[in-house]
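Right, one structure below, let's go through it.
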Amino acid sequence: MIVIEHLTMRLTAGGRTVTILDDVSLEIPAKQMVAIVGPSGSGKSTLLGLIAGLDRPTSGVITLNGVEITRMSEGPLARFRRAQIGYIFQSFHLIPTLTALENVLVPLELAGIDRPTEHAREWLRAVGLADRVDHYPVQLSGGEQQRVAVARAFACRPPVLLADEPTGNLDSTTGQQVMDLLLSLHRDHGTTLVLVTHDRTLASLMHRVVALRDGRIESDDMIASPRLVGEPPL
Ligand SMILES: Nc1ncnc2c1ncn2[C@@H]1O[C@H](COP(=O)(O)OP(=O)(O)OP(=O)(O)O)[C@@H](O)[C@H]1O
Ligand SMILES: [Mg+2]
């Protein structure tokens, strides 16, 4: 369960203070899939980054599974984030000097998971890249890089996956593959999914669509009642 209360984010740039998020409150139950939509500059990435604990709000509170992340200091927050949150960027963000396998190994080793290499190989197999483990990011297509990024984000099986336009840099077929992968993680593991997207078709695959405009929630619509683990796929 993610609880966001009165979240405000102001930044000062060039001597001017801009309000990027303005008193946003939102509750996302465990296992829900939510799309965050809205025009460019409406605050979608800022909101996602705050939920991930990558940034600090000006005011307001975010609680993730009962833990108030907006109050945590850096060290505990980093550990909490590794265990609880997977983050997928629009532009993949793989480490260019590491192979696909090594990229997926990073979070597993940081988390001190047993037999990390075996797990990393399993995840790469799960995303259809068993024969690409030793490839470097430049040797992979955009869709393959994003699938490595999904494997990396999900390697420690976080209950929450946050994805900022994960298909934004992909053609529609490749984007569909990545989307299928995210939906299957939700289906198989009950993962809560918060997805920023410009794509209304992708948004309609979620349970709920939250639209932002000028840093405020403009609308919040349920598409269907949340499907729990074990229920048939869409
Ligand atoms: N570090 C910063 N300093 C000042 N303004 C910022 C900063 N980061 C973001 N902004 C501004 O905050 C607003 C919201 O940005 P954000 O990246 O959250 O939008 P977005 O909805 O994700 O847009 P897009 O769809 O283009 O990715 C924008 O107007 C942006 O210019
Ligand atoms: Mg953005």
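Within the assembled protein chains, the solvent-accessible surface assigned to Met1 is about 80 Å², based on a 1.4 Å probe.
Given Cβ point charges of +1 (Lys, Arg) and -1 (Asp, Glu) and nothing else, what value in debye, to the nearest 20, does the dipole of the chain about its Cα centre take? List each step's numbers first, then the result.
Numbers: 22 positive and 26 negative charges, 49 e Å.
For this selection, approximately 240 debye.
Comparing Gln32, Gln145, Gln176 in a Gaussian network model of the chain where C-alpha atoms under 10 Å apart are linked, the largest mean-square fluctuation is found at Gln176.
Solvent-accessible surface of protein heavy atoms, probed at 1.4 angstrom with all chains present, puts His93, His186, His119 in the order His93, His119, His186, largest first.
The distance separating the Cα centre of the stretch 145-185 from that of the stretch 8-76 comes to 21 Å. As a fraction of the 1.4 Å probe accessible area of the chain, surface on carbon and sulfur atoms comes out at 49 percent. Label-to-label distance, Glu5 versus Ala111, with points set 7 angstrom from Cα along the beta-carbon direction: 2.9 nm. Measuring with a 1.4 angstrom probe and ignoring ligands and nucleic acids, Val37 comes out at about 10 Å² accessible. GNM on the chain, alpha-carbon springs under 10 angstrom: the most fluctuating residue among Asp131, Asp220, Asp55 is Asp131. For Arg213, the solvent-accessible surface with a 1.4 Å probe is about 110 Å², rounded to the nearest 10.
So what is the accessible area of the chain per residue, in Å², with the probe set to 1.4 Å? List each step's numbers first, then the result.
On the way: 10990 Å² over 234 residues.
Dividing the accessible area of the chain by its residue count gives 47 Å².
Once you have the Cα-Cα distance between Asp22 and Ala83, take 0.36 nm times their residue separation minus that, and quote the gain in nm to one decimal. Could the numbers behind the result be given before it?
Numbers: separation 61, 0.36 × 61 = 21.96 nm, distance 2.90 nm.
Gain on stretching Asp22 to Ala83: 19.1 nm.
Dipole size of the stretch 76-206 about its Cα centre, with +1 on Lys/Arg Cβ and -1 on Asp/Glu Cβ: approximately 360 debye, rounded to the nearest 20. Counting only DSSP beta bridges whose two residues both lie in the stretch 107-234, roughly 55 percent are antiparallel.
Nearest 5 is fine: what % of DSSP beta bridges in the chain come out antiparallel, could you say?
Working: 22 of 39 bridges.
Expressed as a percentage, antiparallel bridges in the chain total about 55.
The values are calculated or read from the model by the stated rules, or taken from the named source; none is laboratory data. Predicted model only: the values in this text are computed from it and were never measured. Because the Cβ atoms are built from the backbone with ideal geometry, glycine has one as well, and the counts that use them run over all protein chains shown. Each accessible area value is taken on the protein alone, full model and side chains, heavy atoms only, with ligands, DNA and RNA left out. Shrake-Rupley method; radii C 1.70, N 1.55, O 1.52, S 1.80 Å.
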